[in-house]
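Shown next, in structure tokens, is the structure this report addresses.
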Amino acid sequence: MSQNQRLILAMGISILIMFVWQEYYVTPNMHKTVVNTVAAAAPKISAAERVQDRGLLLSESKKDRVTFANDQVSGSINLRGARIDDLLLKRYHQTINSGSDEVVLLSPSATSAPHFITIGWVSKDKDLVLPDAHTLWRVNHASIKPHAPITLTWKNPQDVLFSIDITIDSDYMLNIEQSVSNKDNRSITLSPYAAISRGRNGDKPENMIVHQGAVAVVDGKLHEITFEDLIKETKVEFKKGINWFGFSDKYWLTTLITKTPQAEARFSSHALHGEARLQADLLYPAVHLEAGSVSAVTTKLFAGAKNLDLLEKYQREFDLPLFDRAVDFGMLYFITKPIFLVLHAFYDYIGNFGAAILLLTVLIKMLLFPIAYKGYVGMNRMRDLQPLMAELKERYKDDTSGFQKALMELYKREKVNPAAGCLPILLQMPVFFALYKVLYVTIEMRHAPFFGWIHDLSAPDPTSIFNLFGLIAWNPPTFLMIGVFPILMSLTMYIQQRLNPEPTDPIQAQMMRLLPLIFLFMFSSFPSGMVIYWAWSNVLSIIQQVLIKRITA
């Protein structure tokens, strides 16, 4: 097999791996137990609820709500059922336009994208009256400020007082303390719970690049279950050792955190009006309260953006195992996270993620230069051998085995490794995959601008050669959206290709010439940050090849 054949094969396999590796990735040590029955937890969304406009619904229930806000979020708690069902992320917007609507994370159950948290108690004692979805709680304050608690209270007819104390920090963490004071003259037994209920995934389709679905860390091990798998399984239960668990979207996370080792966690799904509804229940062990006694349990709720610095801060502060893994860095975590950290360090210094990508590319080229040097020297030696290889091909044109034997003897005599040119490309592939992940999954890259027309490095180049880059008033179909940077990438790839020895086989040579065109269409839908990296990497490779050729001439 010739050098160029190996090159084509290596690049083809690498591209294939990039698209399919996560499809077959199974989280190590993942444990899923399907159960037939489980203790009752949060009430399901009622089938009687009709879908309503979110703004109208919140306005109509305003008198029964207590608001909360800090610099990161704003929202409210529905006193009818003690539901945290309204939360906006103030620093994130639906589009790159800063004047667009803020990102909605939590919404009431009757909206088109329900996502809410319910707090309550369950009991096997049928005579014990418990708060439910229709209970109207009393509140001590009309609004919550950072670190200033509010208290919801409700007393049942049996003189049992239920209380919920809620505080919010300066970011996305809520502290929820549930307490019960038994003022009845008889003993009672009941279990506190907290639950996250939501629709499947809003209007965003699932894909194989980033995990979207249920996520849990149990006994320090990460478990990920896609929405699709959860719907198939219906119920997935973890009996003990819960550290944190909830639901993860591409950029957002809603998760319950507990320090009670005996607490049980359950993911479940059911259908409502033809759509999947999902739930994460955290059920605490039953407590037995004698007359006059009090019991309390604390749950933390994270509801916000998956900012890595903040996740690591909470991980240290509350001793949360693998909390940073809420950002789906994938199975190349050991490469992806360091690349992100270096990229972020460059960004902190220069203030532009696009420029940081350029600097990262230079750093990677410097680290791989010794290997690249050997590879380029090998390719230049191969180029010098092209006339001799053509002579051998002519001499053995009817003897394939004889040609291969003579070719190997030529390589051995001239001390040339035909695969040397592939090594720099193969070593860059893990970096390529990792950077693609970083651009796609990290909230820091969302809506990050470069220069000129690139306003979002995580989105494809918005220009197209087919409407003369916006000069013609026509919006081409998606497959014809071939922008400036994909064209630059393809052009630099062609120039780099011309510096390498061309295969003696005309068919192979034609395939190599078509490769930049194939990559042009393929990369046009990639994040523009990825295309900028690849084009700039090609430019640096061209400079390296020219310099090495002059040095070794």
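Nothing in this text is a laboratory measurement; each read-out follows from the coordinates by a stated rule. All of these numbers come straight from a predicted model, not from anything done at the bench. Reconstructed Cβ throughout: ideal geometry from the backbone, glycine too, with neighbour counts over all protein chains shown.
Contour minus end-to-end for residue 455 and residue 410, with contour as 0.36 nm per residue of separation and end-to-end as the Cα-Cα distance?
Working it through step by step, the gained length comes to 10.9 nm.
Work out, step by step, the length gained on full extension between residue 259 and residue 221: first 0.36 nm times the residue separation, then minus their alpha carbon distance; give nm to one decimal.
12.1 nm
What is the log10 of I(q)/I(0) for the chain, computed with the Debye formula using one identical point scatterer on each Cα and no solvent, at q = 0.11 Å⁻¹?
-1.01
Taking chymotrypsin sites (Phe, Trp or Tyr not before Pro) as candidate sites, keep only those in a DSSP loop with at most 11 other Cβ atoms within 10 Å, then name the longest stretch of the chain containing none of them.
Maximal segment without exposed cleavage sites: 1-450.
Could you compute the FRET efficiency for residue 467 and residue 495, with r as their C-beta to C-beta distance and R0 at 22 Å, rounded to 0.05?
It comes out at approximately 0.25.
I'd like the orientation of helix 333-350 relative to the chain: the angle between its Cα long axis and the longest Cα principal axis, in ° from 0 to 90, rounded to 10.
Roughly 90 degrees between the two axes.
So who's got an amide H within less than 5 Å of the one on residue 83, skipping anything under 5 residues away but keeping other chains? H placed 1.01 Å off N, in plane.
78
Say each of residue 170 and residue 390 gets a label point 7 Å from the Cα, pointing the same way as Cα to Cβ; how far apart are those two points in nm?
7.1 nm
How many percent of all Cα-Cα pairs in segment 354-495 sit more than 19 Å apart?
69 percent
Can you compute the helix-only [θ] at 222 nm over the chain? Use -39500 (n - 2.57) per DSSP H run of at least 4 residues, normalise by all residues, nearest 500 deg cm²/dmol.
Helix contribution divided over all residues of the chain: -11500 deg cm²/dmol.
Output the pairs from 221/250; 90/183; 239/306 with a Cα-Cα distance over 31 Å in this structure; if there are none, say none.
Distance filter (> 31 Å) returns 90/183.
Within segment 325-345, what residues put their amide N at less than 16 Å from the label point 7 Å along the Cα-to-Cβ vector of residue 91?
344-345
Near residue 415, which lysines are there with a Cα under 20 Å away, not counting those fewer than 8 places off in the same chain?
Residue 415 reaches 374, 393, 405, 549.
Using θ = phi - 60° and the Karplus relation 6.51 cos²θ - 1.76 cosθ + 1.60, list the HN-Hα couplings for segment 226-234 in order, rounded to whole Hz, with x at every Gly or Pro.
5, 4, 4, 5, 5, 5, 5, 6, 6
Looking only at Cα atoms, what is the convex hull volume of segment 349-420 per residue, in Å³?
109 Å³
Give, to the nearest whole percent, the P(r) tail of segment 201-305 beyond 23 angstrom, counting all Cα pairs.
When every Cα pair of segment 201-305 is considered, 33 percent fall beyond 23 Å.
Ignoring solvent entirely, what values of log10 I(q)/I(0) come out of the Debye formula for segment 253-355 at 0.20, 0.21, 0.23, 0.24 Å⁻¹ when each Cα is a single scatterer?
Values returned for q = 0.20, 0.21, 0.23, 0.24 Å⁻¹ are -1.15, -1.19, -1.28, -1.32.
Could you compute the FRET efficiency for residue 148 and residue 100, with r as their C-beta to C-beta distance and R0 at 30 Å, rounded to 0.05?
After rounding, the FRET efficiency stands at 0.45.
With each pseudo-label sitting 7 Å past Cα toward Cβ, what's the residue 70-residue 123 distance in nm, one decimal?
Between residue 70 and residue 123, the simple spin-label model gives 3.4 nm.
If you take the beta carbon distance between residue 183 and residue 332 as r and set R0 to 41 Å, what does 1/(1 + (r/R0)^6) give as a FRET efficiency, to the nearest 0.05?
Computed FRET efficiency for residue 183 and residue 332: 0.10.
Obtain the nm distance between the two label points defined at residue 397 and residue 156 by a simple spin-label model: each point lies 7 Å from its Cα along the Cα-to-C-beta direction.
Taking the simple label geometry, residue 397 and residue 156 are separated by 9.5 nm.
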